[in-house]
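The values are calculated or read from the model by the stated rules, or taken from the named source; none is laboratory data. The structure displayed is predicted, hence computed values, not measured ones. As a convention, Cβ positions derive from the backbone with ideal geometry for all residues, glycine included, and neighbour counts pool all protein chains shown.
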Amino acid sequence: MRYKLVIFDLDGTLLDTIDDLKEAVNHAMSLRGFPTFTRDEVMAMVGHGARNLMRKALPIGHKDDDMVDAAYNDFRAYYITHIDTYTKPFPGIQDLLAKLRQEDMMLAVASNKFQEGTDHLIKEFFPEIPFVAVLGGRPNFPLKPDPEIVGEVLRKAGANKEDAVMVGDSDTDMETAANGGIMGIAVNWGYRDMRNIINMKIGPSTLRLASGTAGSGTEPQIVVETIEELQQLLLP
């Protein structure tokens with residue numbers, strides 16, 4: 001099938017952001033004398049927004065809302081001023097986006113990263129790409145895997161569910177696609193081993209390899225290992 005709209009996750013899909021996230025997490029922890037984390041440890045905690053990341057990072061006994069809010073504020077202040085120190089696009093991503101646009105495909109971003117950070121990174125690393133929507137975490141707006149973000153992208157793009165596909169590197173992204181009734185493609189170069197996750201039953205749907213019909217409640221899910229495999233699926 002030829003899709004009209006591709007909705008990309010950001011962290012772990014378009015950009016490798018983990019080292020800058022690690023530095024910001026460890027800054028917030030160090031200010032409080034709490035233990036810091038390795039790259040792999042932070043990688044295991046990301047995916048549900050920065051506030052949830054802080055709640056996971058804080059030691060047991062220090063996860064009350066006031067502490068989470070304070071740590072989040074310190075994390076965010078540090079992160080937004082060091083957001084691009086180590087961050088970079090995954091190899092081949094910029095060329096892929098350019099090819100998709102050459103084929104008149106609509107592109108969007110749906111991230112749990114706070115909106116200011118999402119906007120900053122998209123403008124810095126993909127300034128030539130006219131995304132139809134760049135959506136991050138916002139106050140009083142549900143995070144993925146809530147499907148509202150899919151619905152908002154579809155409305156902005158003027159697209160139907162059957163025209164859209166979501167590309168991400170986590171079970172959260174694939175659950176979001178399933179909840180939103182659209183096709184999902186999991187990339188295996190990000191922060192989760194998706195081949196070990198993709199067949200788990202999460203949310204309302206059983207996530208499977210290349211089966212089902214989008215919008216049916218048993219939305220198909222596919223895992224790709226390389227940019228070349230993703231391009232073959234999106235530009236058959």
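The single residue among 127, 91 that is farther than 17 Å from residue 153 by Cα, out of contact with any helix residue (DSSP H, G or I) (no Cβ under 9 Å at 6 or more places or on another chain) and either outside the structural domain of residue 190 (by TED's automatic domain parsing) or assigned to a loop (DSSP other than H, G, I, E, B) (or both) turns out to be 127. Screening segment 1-70 for helices (runs of 4 or more DSSP H) wholly inside it with 3 or more residues that are in contact with a Gly (Cβ under 6 Å, 6 or more places away or on another chain) returns no ranges. Only one entry in 116, 124, 148 is under 18 Å from residue 93 (Cβ atoms) and among the acidic types (Asp, Glu), namely 124. Residues considered: 134, 109, 153. Of these, the only one that is without any contact (Cβ under 8 Å) to a residue 60 or more places away in the chain, touching a strand residue (DSSP E or B) at 6+ places or on another chain (Cβ under 6 Å) and in the same structural domain as residue 225 (by TED's automatic domain parsing) is 134.
Right, residue 22: without any contact (Cβ under 8 Å) to a residue 60 or more places away in the chain and in contact with a Ser or Thr (Cβ under 9 Å, 6 or more places away or on another chain) or not?
Values: without any contact (Cβ under 8 Å) to a residue 60 or more places away in the chain: yes; in contact with a Ser or Thr (Cβ under 9 Å, 6 or more places away or on another chain): yes.
So residue 22 fits the description; yes.
Kindly check whether there is at least one residue in segment 110-128 that is within 24 Å of residue 178 (Cβ to Cβ), over 13 Å from the mean Cα position of the chain (by Cα) and not basic (Lys, Arg). Within segment 110-128, none of the residues are within 24 Å of residue 178 (Cβ to Cβ), over 13 Å from the mean Cα position of the chain (by Cα) and not basic (Lys, Arg). Filter segment 83-104 for residues that are surrounded by 14 or more Cβ atoms within 10 Å (Cβ to Cβ) and of a type outside the set (Lys, Arg) and give the result. Hits for segment 83-104 are 83, 84, 86, 87, 89, 90, 92, 93, 94, 96, 97, 100.
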